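Data block below; observations after.
Read-outs: derived from the displayed coordinates by stated rules, not from any lab. Note that the structure is predicted; figures quoted are calculated from it, not measured. Reconstructed Cβ throughout: ideal geometry from the backbone, glycine too, with neighbour counts over all protein chains shown.
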Amino acid sequence: MEHGVDGPASAWAFHAKAGDLLQIAHPSGIFEGRRVGFEWRPPEDVTRLLLMGDETSLPAISNILATMPDTATSVECFVEVPRSGDDAAAGDVASQITWLPRDGDAPGTKLKRALGYSQMPELARLKQLHGLDKRVAADERMWHPSSETHGPFYAWVAAEGNAVKYIRHALMKDCNLPKSAVSTMGYWYLGRPFS
């Protein structure tokens with residue numbers, strides 16, 4: 001299967017030859033050492049979890065759902081995918097996900113709207129605001145790991161960078177959630193290379 005050569009991974013794969021080196025790394029929540037990535041490490045006493053992502057974060061979200069902490073009694077999971085029916089990749093955890101097919105909408109559109117669907121009490125303030133169609137500053141941080149802390153609520157968001165910035169802004173500024181309760185990762189940007 002070919003995906004073109006526009007992205008760095010696609011370009012490398014297209015031009016790769018036998019013997020070329022490739023390094024693959026992934027975060028692991030069981031690692032006890034110093035955190036160097038954005039691992040899934042919710043607070044030990046978490047009871048409410050909000051997971052948001054797109055097709056690029058589906059492997060991580062599937063793993064998170066499969067290894068959910070016993071303390072989590074309320075979980076909301078929203079995943080935006082290109083088309084209706086694109087839920088097969090989630091395997092056994094597919095039924096735990098609210099699927100948001102883009103079906104032609106711009107990436108991030110449905111994911112941003114999903115904030116308004118949440119029943120989490122921490123997000124109730126969003127329903128009182130003047131809608132979710134607001135602008136976020138271009139310099140809003142896209143990558144933000146939560147700090148080690150305790151608390152009943154934790155949000156993990158990974159998707160297209162502009163959508164992530166918007167969601168991070170809504171959670172931290174509009175809902176007044178502490179930095180310790182929110183981890184955000186912009187996995188990619190629409191229309192430009194990741195930098």
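Taking 7 Å along the Cα-to-C-beta vector as the label spot, tell me the Ser95-Trp12 distance in nanometres, rounded to one decimal.
According to this spin-label approximation, the distance is 3.8 nm.
Between Ala106 and Asn176, what length comes free when the chain is fully extended (0.36 nm per residue of separation minus the Cα-Cα distance, one decimal in nm)?
Gain in length upon complete extension: 22.5 nm.
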